[in-house]
Amino acid sequence: MDGTYFLPTMQWDVNAWFGQSLENKPLIAINAEGHIFVTDPEGFRILEFDAEGKFIRAWGDYGVGPSGIGLAGGVAVDAEGRVWVSDAGNQRIMRFVLP
């Protein structure tokens, strides 16, 4: 290495990810407005923050029905701003259209 170090330009605490499970690994996606979407696998939810780290909203709850999440395994945002979540616990992909 040439002695160059990379330091974060911004960080904030997230009230999640306390478990020791190997499945409890957060994944992130960012939309065109800079909003950050983070999985909270053991919380069965998705967290949204603005570009400055301000909490916007969370959605999801444990369940097998249409609105439940078994294990949020991944998250992505498409060109239209829809949020896609892979639900490993219920073996499905879910699409969310945000207000």
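Could you tell me which residue of region 57-69 is surrounded by the most Cβ atoms within 10 Å (Cβ to Cβ), considering only residues that are in a loop (DSSP other than H, G, I, E, B) and more than 14 Å from the chain's Cα centre (by Cα)?
Narrowing region 57-69 to residues in a loop (DSSP other than H, G, I, E, B): 60-61, 63-68.
The next check asks that each one be more than 14 Å from the chain's Cα centre (by Cα); those that pass are 63-68.
Values: G63: 13, V64: 11, G65: 7, P66: 7, S67: 10, G68: 15.
For region 57-69, the residue satisfying everything is G68.
Determine which member of the set G53, G43, G19 is closer than 28 Å to P8 by Cβ, surrounded by 14 or more Cβ atoms within 10 Å (Cβ to Cβ) and modelled with pLDDT under 95. First the steps, then the outcome.
On the way: G53 fails: surrounded by 14 or more Cβ atoms within 10 Å (Cβ to Cβ); G19 fails: surrounded by 14 or more Cβ atoms within 10 Å (Cβ to Cβ).
Just one listed residue meets the conditions, G43.
Could you please find all residues in region 31-56 being of a type in the set (A, V, I, L, M, F, W, C), closer than 18 Å to E80 by Cα and over 12 Å from the mean Cα position of the chain (by Cα)?
Correct list: A32 only.
Tell me, which residue of region 84-99 that is assigned to a strand (DSSP E or B) and in contact (Cβ under 8 Å) with a residue 40 or more places away in the chain is nearest to the chain's Cα centre (by Cα)?
To start, the set of residues in region 84-99 that are assigned to a strand (DSSP E or B) comprises 84-87, 92-96.
Within this subset, residues satisfying the condition of being in contact (Cβ under 8 Å) with a residue 40 or more places away in the chain are 85, 96.
On the way: V85: 8, F96: 12 Å.
Ranking the candidates gives V85 first.
Would you say G81 is over 11 Å from the mean Cα position of the chain (by Cα) and under 20 Å from Q11 (Cβ atoms)? Step through it out loud before you land on a result.
Numbers: over 11 Å from the mean Cα position of the chain (by Cα): yes; under 20 Å from Q11 (Cβ atoms): no.
Spelling it out, it is not the case that G81 is over 11 Å from the mean Cα position of the chain (by Cα) and under 20 Å from Q11 (Cβ atoms).
For E33, are the conditions met, namely being of a type outside the set (S, T, N, Q), in contact (Cβ under 8 Å) with a residue 12 or more places away in the chain and closer than 15 Å to W12 by Cα? Step through it out loud before you land on a result.
Numbers: of a type outside the set (S, T, N, Q): yes; in contact (Cβ under 8 Å) with a residue 12 or more places away in the chain: yes; closer than 15 Å to W12 by Cα: no.
Considered against the rule, which asks whether it is of a type outside the set (S, T, N, Q), in contact (Cβ under 8 Å) with a residue 12 or more places away in the chain and closer than 15 Å to W12 by Cα, E33 comes out as no.
The values are calculated or read from the model by the stated rules, or taken from the named source; none is laboratory data. Being a predicted model, the structure only gives us computed values, none of them experimental. We place every Cβ from the backbone using ideal geometry, glycine too, and count neighbours over all the protein chains shown.
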